[in-house]
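Working notes, structure below.
The values are calculated or read from the model by the stated rules, or taken from the named source; none is laboratory data. Everything numeric here is computed off the predicted structure, so don't read it as measured data. Positions of Cβ are generated from backbone atoms using ideal geometry, with glycine treated the same way; all protein chains shown enter the neighbour counts.
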Amino acid sequence: MKPTTILVTGCSGFIGSNICLSLLKQGHTVFGIDNFDPNYPRQVKEQNNFLLLSYPNFTFCEADLTDQKALEVLPEKLRPEIVVHLAAKVGVRSSLKDPEGYFHTNLYGTECLLKWMLKRGIRKLVFASSSSVYGNTTESPFVETSDLSAPLSPYAATKIACEQINLTYHRQNGLDVVNLRFFTVYGPGQRPDLAIHKFLMAMRLGEVVVLYGDGNSTRDYTHVDDIVAGIESSVSYVLSHEKVYESINLGSGRPIALSQMIHILGKESGCTPEIVYSKQQPGDMENTFASIRKAEKLLGYHPGIPFQEGIRRFVAWFDAQKS
């Protein structure tokens, strides 16, 4: 992909900072937007930004997508060739406590961004959706044509709705769109509220690890480097095609049971976890399992980091941060 100008929303988050860093290293010009949503500590995101700001081809703006005035004051000369829209309120359980906040940020924020794109003449979009859109589907693995009529959380509902908003703008305004359905992303820089990060923190502090359910639920854990590769391939795909609208899974295609994940995390960290079981949490999916055939076909996507190797890298990063 030749060097181009890319706008990344949610640039200071886990996935956002990783994709920005990769794009900057390749010589792309990146304009990043983040509102430092308090879902987790601002200093974590500011630390992510610190590295990005060391690149002369990176520009940052603190802005909230739901504030139309803030979008209007973005530099008039800002005309990126494509937008990678990662900004959102994230987390299934948090959305159960604040559905209104999730609908406002995720739906209205996406609508405001799309309107701004049209005003600036920007017609290319890669959107971060989620495996949560599938609910507890009985299909295995999950395919992109599955029924999405039974989301388990407001968060999942917002991602389904955003895909539909994107489809409307594609049909009515000619936007080219790829919706990427991410499956349980992990790796260096992972959000502190996510399971692998929380579990390792508990182990290092000698605290109990609380497992919700019986440990048999599975997740299609996907290393952030594989996700970054999938996003970059999607950017190339959208830029090189016209009249595009696709929803595509980005996963590993190799589900791991929760109990197995804990075992591998304990082995790679040298800890013996003390496990306490608790009841299944509302909104949690029982299993996730991505069919990646469509990603392979359209994007040339081939996840290359086995789970144990990914955990080894995460533990090394975690311990380096804490030291």
Problem - Checking ASP147 against (1) closer than 25 Å to GLU81 by Cα; (2) free of Cβ contacts under 8 Å to residues at least 60 places away in the same chain; (3) among the acidic types (Asp, Glu), the condition it does not meet - result: (1)
Practice task
Can you run down the residue pairs with Cβ atoms below 6 Å, 6 or more apart or on separate chains, where the first is in the range 95-124 and on the phi > 0 side of the Ramachandran plot and the partner is surrounded by fewer than 15 Cβ atoms within 10 Å (Cβ to Cβ) and not in a helix (DSSP H, G or I)?
Solution key: none
Exercise for the section: Please verify whether the range 30-40 includes one or more residues that are crowded, with 24+ Cβ neighbours inside 10 Å, part of a loop (DSSP other than H, G, I, E, B) and touching a residue at least 40 places away in the same chain (Cβ under 8 Å). Expected result: no
Practice task
Considering only residues that are charged (D, E, K, R) and outside any strand (DSSP E or B), look in the range 154-210 and name the one that is surrounded by the fewest Cβ atoms within 10 Å (Cβ to Cβ).
Solution key: ARG171
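Inspect the range 45-65 for any residue being touching a Cys at 6+ places or on another chain (Cβ under 6 Å), part of a strand (DSSP E or B) and not β-branched (Val, Ile, Thr) and give the result as yes or no.
Start the filter on the range 45-65 by keeping residues that are touching a Cys at 6+ places or on another chain (Cβ under 6 Å), which leaves 52, 65.
Cutting the leftovers down to part of a strand (DSSP E or B) gives us none.
No, the range 45-65 contains no residue that is touching a Cys at 6+ places or on another chain (Cβ under 6 Å), part of a strand (DSSP E or B) and not β-branched (Val, Ile, Thr).
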Practice task
Restrict the check to the range 262-277 and report whether at least one residue is among the polar types (S, T, N, Q), surrounded by fewer than 14 Cβ atoms within 10 Å (Cβ to Cβ), over 18 Å from the mean Cα position of the chain (by Cα) and in a strand (DSSP E or B).
Solution key: no
Completion exercise
Being within 30 Å of ARG312 (Cα to Cα) and at pLDDT 95 or above narrows TYR186, TYR169 down to just TYR186
Exercise for the section: Run GLY121 past the list (1) more than 24 Å from ASP220 (Cβ to Cβ); (2) surrounded by 23 or more Cβ atoms within 10 Å (Cβ to Cβ); (3) among the small types (Gly, Ala, Ser) and report the number of the one that doesn't hold. Expected result: (2)
Practice task
For PHE142, indicate whether it is in contact with a His (Cβ under 7 Å, 6 or more places away or on another chain), at pLDDT 95 or above and closer than 26 Å to ALA229 by Cα.
Solution key: no
Problem - Lone qualifier among SER12, SER22 - being within 30 Å of ASP284 (Cα to Cα) and touching a residue at least 12 places away in the same chain (Cβ under 8 Å) - result: SER12
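Here is a check on your reading of the model: is GLY121 out of contact with any Pro (no Cβ under 9 Å at 6 or more places or on another chain) and farther than 29 Å from SER291 by Cα?
For GLY121, the condition - out of contact with any Pro (no Cβ under 9 Å at 6 or more places or on another chain) and farther than 29 Å from SER291 by Cα - is met.
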Problem - Meets criteria (surrounded by fewer than 17 Cβ atoms within 10 Å (Cβ to Cβ), among the basic types (Lys, Arg), at pLDDT 95 or above and on the phi < 0 side of the Ramachandran plot) for LYS2 - result: no
Practice task
Filter the range 51-95 down to the residues that are small (Gly, Ala, Ser) and surrounded by 14 or more Cβ atoms within 10 Å (Cβ to Cβ), then identify the one that is farthest from the chain's Cα centre (by Cα).
Solution key: ALA70
Completion exercise
Residue count, the range 101-129, condition in a helix (DSSP H, G or I), of a type in the set (Ser, Thr, Tyr) and in contact with a helix residue (DSSP H, G or I) (Cβ under 7 Å, 6 or more places away or on another chain), comes to 2
Problem - Residues within the range 130-144 that are without any contact (Cβ under 8 Å) to a residue 60 or more places away in the chain and either over 19 Å from the mean Cα position of the chain (by Cα) or in a loop (DSSP other than H, G, I, E, B) (or both), tallied - result: 3
Handout entry: Verdict on GLY253 being among the small types (Gly, Ala, Ser) and in a loop (DSSP other than H, G, I, E, B)
Key = yes
